[in-house]
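Written out below as structure tokens is the structure these notes cover.
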Amino acid sequence: MTDAYAAAPLPAFRLIPSQFPPIGLFDSVSMAADLAAVMELVGWTNDRFVADRIARLPRSEWAYGRPNSSIVMGAFLHVPPGGMRFNGAELGAWYAADDLRTSAAEVGHHLRRETLARALPSMSRRYRAYSATLLGEYLDIRGQQLARADIYASDRYDASQMLGEKMRASGGAGILYDSLRRRHGQNVAAHRPLNITEIVQTDHFEITVSVAIRTIEVRKLTAT
């Protein structure tokens, strides 16, 4: 199979839980050396996992000195213990979707899994939405769910993480793939922080899931 590459959706949307407030550590620093000192001062490098991860990310790839840089770097430095679909636990990636409805389906799926794990009937969580322009050409595996069944497996990430980390190591921008949570939805995993540009925070949403039904309730929150 010949690999194909394509641009990411424009814009690309991401939902981040509001329980993790944005901390502008990276936004206003103008030099990588200054940023390292600030990180040490506020204790970020006291977190062994964060320190290990930022050591794996060359300083030439750090995003800083522009609005919402901290949101970008947080996606790479704060990673679930088992990693995600196209990244291992050693370093994160920026996951986004072609549509806010696709983003809601993705986070709703993981919220339902958490609800089941906690033996609760339902859960609600608030999210901040971001739009961004993702630069670069991405390995395009859309429409290949049968040919790449191991990459699209819904119950394991071993093959997909191997592919993602191979792309990162080769200098690739990331991967374009079909959403498994919303029909016709498209996702992108971006492996280069500096490719994530024009990041704008938009609306706030509350997402509610129930273990008894498969629907996901999405409510847009208004300012008071």
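Here's the yes/no breakdown for (1) outside any strand (DSSP E or B); (2) of a type in the set (Lys, Arg); (3) at pLDDT 95 or above:
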{"residue": "Met123", "(1), (2), (3)": "no, no, no"}
{"residue": "Arg126", "(1), (2), (3)": "no, yes, no"}
{"residue": "Leu139", "(1), (2), (3)": "no, no, yes"}
{"residue": "Gly143", "(1), (2), (3)": "yes, no, yes"}
{"residue": "Met162", "(1), (2), (3)": "yes, no, yes"}
{"residue": "Lys166", "(1), (2), (3)": "yes, yes, yes"}
Query raised in the report: Is there a residue in region 119-134 that is closer than 22 Å to Ala6 by Cα, in contact (Cβ under 8 Å) with a residue 40 or more places away in the chain and of a type in the set (A, V, I, L, M)?
Result: yes
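When you check Arg156 against the structure, is it among the charged types (D, E, K, R) and over 24 Å from Leu100 (Cβ atoms), yes or no?
Values: among the charged types (D, E, K, R): yes; over 24 Å from Leu100 (Cβ atoms): yes.
Yes, satisfied.
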Query raised in the report: Is it true that Tyr157 is buried (at least 16 other Cβ atoms within 10 Å of the Cβ), touching a helix residue (DSSP H, G or I) at 6+ places or on another chain (Cβ under 8 Å) and of a type in the set (Phe, Trp, Tyr)?
Result: no
Query raised in the report: Quick check: anything in region 135-151 hydroxyl-bearing (Ser, Thr, Tyr) and within 26 Å of Gln19 (Cα to Cα)?
Result: no
Query raised in the report: Would you pick out the residues in region 182-224 that are modelled with pLDDT under 95, touching a strand residue (DSSP E or B) at 6+ places or on another chain (Cβ under 9 Å) and of a type in the set (Lys, Arg)?
Result: Arg182, Arg219, Lys220
Report task. For region 69-119, name all the residues that are assigned to a loop (DSSP other than H, G, I, E, B), among the aliphatic types (A, V, I, L, M) and more than 14 Å from the chain's Cα centre (by Cα). Result -> Ala119
Report summary line: Checked pairs for region 205-217, first in contact (Cβ under 8 Å) with a residue 24 or more places away in the chain and aromatic (Phe, Trp, Tyr), second buried (at least 20 other Cβ atoms within 10 Å of the Cβ) and in a strand (DSSP E or B), C-beta under 8 Å and 6 or more apart or across chains, list as Phe205/Leu15; Phe205/Tyr127
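State yes or no: is Tyr157 of a type outside the set (A, V, I, L, M) and within 14 Å of the chain's Cα centre (by Cα)?
On the way: of a type outside the set (A, V, I, L, M): yes; within 14 Å of the chain's Cα centre (by Cα): no.
The answer is no for Tyr157.
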Query raised in the report: Does Ala149 meet the test of being assigned to a strand (DSSP E or B) and at pLDDT 95 or above?
Result: no
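The values are calculated or read from the model by the stated rules, or taken from the named source; none is laboratory data. This is a predicted model, so every value here is computed, not measured. Note that we place each Cβ from the backbone using ideal geometry, even for glycine, and neighbour counts take in every protein chain shown.
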